[in-house]
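Enquirer: Quick one: the structure is below, and I'll ask about it shortly.
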Amino acid sequence: MTADPTLVVVGAGHVAASVARALRRRGFAGPVVLLGDEPVGPYQRPMLSKERLADGGDAGLWLLDPEWCAAHDVTLRTGSPVERISAGTAEVLLADGTSVPADLVVLATGGRPRRLPGVDGDRVHTIRTLADSDRLRERLAPGRRIGVLGGGFLGTEIAAAAVTRGAEAVLFDLDPVLLARALGSEIGSAVTALHRSRGVDLRLGRPVTGVHARPDGVDVLTGAGTETVDDLVVCIGIEPNTEVAVRSGLVVGNGVEVDAAGRTSIPTVFAAGDVAAHDHPRYGRVRVEHVDVAQQQAAAIAKTVAGTPAAFADPHWFWTDQFELNVQGLGLAAVRPGDEVVPRGDLAALDGTVFWLREGRLVAAASVERGEEISVARELIDLEVAVRAEQLADESVELDGLLELDGAGV
Ligand SMILES: Cc1cc2nc3c(=O)[nH]c(=O)nc-3n(C[C@H](O)[C@H](O)[C@H](O)COP(=O)(O)OP(=O)(O)OC[C@H]3O[C@@H](n4cnc5c(N)ncnc54)[C@H](O)[C@@H]3O)c2cc1C
């Protein structure tokens, strides 16, 4: 019997792949077992509404190479739903009645799409898995009218993929401006104009009051009448998969509650990714659904497990692709009413950044086609550099120069 502890990850997605790699990089010597309920190993979920949906390709899709796993004593078990963690007996119990020894566990069960009660059938879609994406792609074809319910990141990416593949897209959202809640009205308005100019039929600012799925189409009811589409994609957010956590006796609120190091209420069990509500040193308790956050949390847990306790204090970076545009955001969980909003560049022309300032310090930023400005924003936030709105707004001011000034210009 080995003296090294066995670490089991429950859920074989982004967190699992990152934990496995980070543990081996940090010299963790025990066996690592990844238990996933999907029929395949971890893959790039963001591609499901982008590249994979657009063309069905699999370049860059898979996150773990079987040869790497074999060479690094990482066991990946697909089609293996987990029932619960038994920390007392140091094992993980599977739905098929078997168990796996587990001295340490990382719970990473992700989330599942919210559904409309009673609305289902062949014409109604959600996207979370590879199979969901592949099934939807077949429907995004010329001559078909695709409805998208929800104008968040996922809904807008899917509407863009639909028209790019030659289908018609009609997008319904209660908000009058796409993505405004997440990215502010400046970028939201620019993205809304982009979608409209590319032919997405936007039905904004009105509630959907009913949805009736039939074998040959879906009726979407709004105050303005009934719209009939061939298929409807429901993009109204996700719910964290907390069932395993609840059955295992972990503290669960809006997700599995973890401290800044990813520890749950049971000392040998960690949680990360979409299922975890972490205690962020700056933002308080928050559950975030971004790949980079999942990966960074996984890396912090691996560091702690390997002997150097690490807290996750990252400002939550993410991106979305809207047609050919790249949009990125950082720190948006920190934005409060009353923060000063400072635009830079020409957002109407889809080239610029919005900054949020509080008491002379940057708290958040979002950009269109300016990823490099988000990189500088990260440092300005991390280092809590004093900045003025005029400096951020002035295109003649080099943003990285502000890092060196550190308050001199204030
Ligand atoms: C279509 C789509 C597009 C996205 N685009 C972006 C983007 O552009 N940018 C961005 O930052 N983020 C994006 N995201 C979000 C990102 O994919 C998630 O934040 C990330 O996948 C979270 O990783 P995770 O490991 O927590 O969960 P997942 O990657 O979802 O992995 C969880 C795994 O656990 C499995 N599981 C659940 N219950 C059990 C059980 N009981 N037993 C065993 N296995 C179980 C699940 O089936 C799943 O395979 C996107 C998500 C989707 C769905």
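Enquirer: Determine whether Asp274 is over 19 Å from Arg25 (Cα atoms) and open to solvent by 40 Å² or more (accessible area, probe 1.4 Å). Full working, then the answer.
Expert: On the way: over 19 Å from Arg25 (Cα atoms): yes; open to solvent by 40 Å² or more (accessible area, probe 1.4 Å): no.
Spelling it out, it is not the case that Asp274 is over 19 Å from Arg25 (Cα atoms) and open to solvent by 40 Å² or more (accessible area, probe 1.4 Å).
Enquirer: Check Phe153, Phe172 and return the single one that is in the same structural domain as Thr192 (by TED's automatic domain parsing), closer than 23 Å to Tyr43 by Cβ and surrounded by 21 or more Cβ atoms within 10 Å (Cβ to Cβ).
Expert: Phe153
Enquirer: Only one residue in Arg24, Arg77, Arg45 is near the ligand (Cβ under 10 Å from one of its atoms), touching a strand residue (DSSP E or B) at 6+ places or on another chain (Cβ under 8 Å) and open to solvent by 20 Å² or more (accessible area, probe 1.4 Å). Which one?
Expert: Arg77
Enquirer: What strands (runs of 3 or more DSSP E), lying completely within region 1-85, carry at least 1 residues that are polar (S, T, N, Q)?
Expert: 74-77
Enquirer: Quick check, is Trp62 away from the ligand (no atom under 16 Å from the Cβ) and not β-branched (Val, Ile, Thr)?
Expert: no
Enquirer: With the structure loaded, tell me whether Gly352 is within 15 Å of the ligand (Cβ to nearest atom), within 30 Å of Ala386 (Cβ to Cβ) and open to solvent by less than 20 Å² (accessible area, probe 1.4 Å) or whether it fails that test.
Expert: no
Enquirer: Now for a separate question. So the check is Cβ under 9 Å with 6+ separation or different chains; which pairs have a first residue in region 235-263 that's within 19 Å of Leu154 (Cβ to Cβ) and a second one that's among the aromatic types (Phe, Trp, Tyr)?
Expert: Listed pairs, sorted by first residue: Cys235/Phe153.
Enquirer: Can you find even one residue in region 132-139 that is of a type in the set (Gly, Ala, Ser) and either surrounded by fewer than 17 Cβ atoms within 10 Å (Cβ to Cβ) or not in a helix (DSSP H, G or I) (or both)?
Expert: No: region 132-139 contains no residue that is of a type in the set (Gly, Ala, Ser) and either surrounded by fewer than 17 Cβ atoms within 10 Å (Cβ to Cβ) or not in a helix (DSSP H, G or I) (or both).
Enquirer: Quick check on region 279-288. Is at least one of its residues in the same structural domain as Ala261 (by TED's automatic domain parsing), in a strand (DSSP E or B) and closer than 30 Å to Ala161 by Cβ?
Expert: yes
Enquirer: Answer yes or no as to whether Arg21 is at negative phi and under 24 Å from the mean Cα position of the chain (by Cα).
Expert: For Arg21, the condition - at negative phi and under 24 Å from the mean Cα position of the chain (by Cα) - is met.
Enquirer: Might you let me know whether region 173-184 holds any residue that is within 23 Å of the chain's Cα centre (by Cα), more than 25 Å from Thr353 (Cα to Cα) and away from the ligand (no atom under 15 Å from the Cβ)?
Expert: Yes, that holds for at least one residue.
The values are calculated or read from the model by the stated rules, or taken from the named source; none is laboratory data. This structure is a prediction, so every number in the text was calculated from the model and none was measured. Counting neighbours? That spans all protein chains shown, and the Cβs are built from the backbone with ideal geometry, glycine included. Protein only, heavy atoms only, side chains kept; ligands, DNA and RNA dropped before computing areas. Shrake-Rupley method; radii C 1.70, N 1.55, O 1.52, S 1.80 Å.
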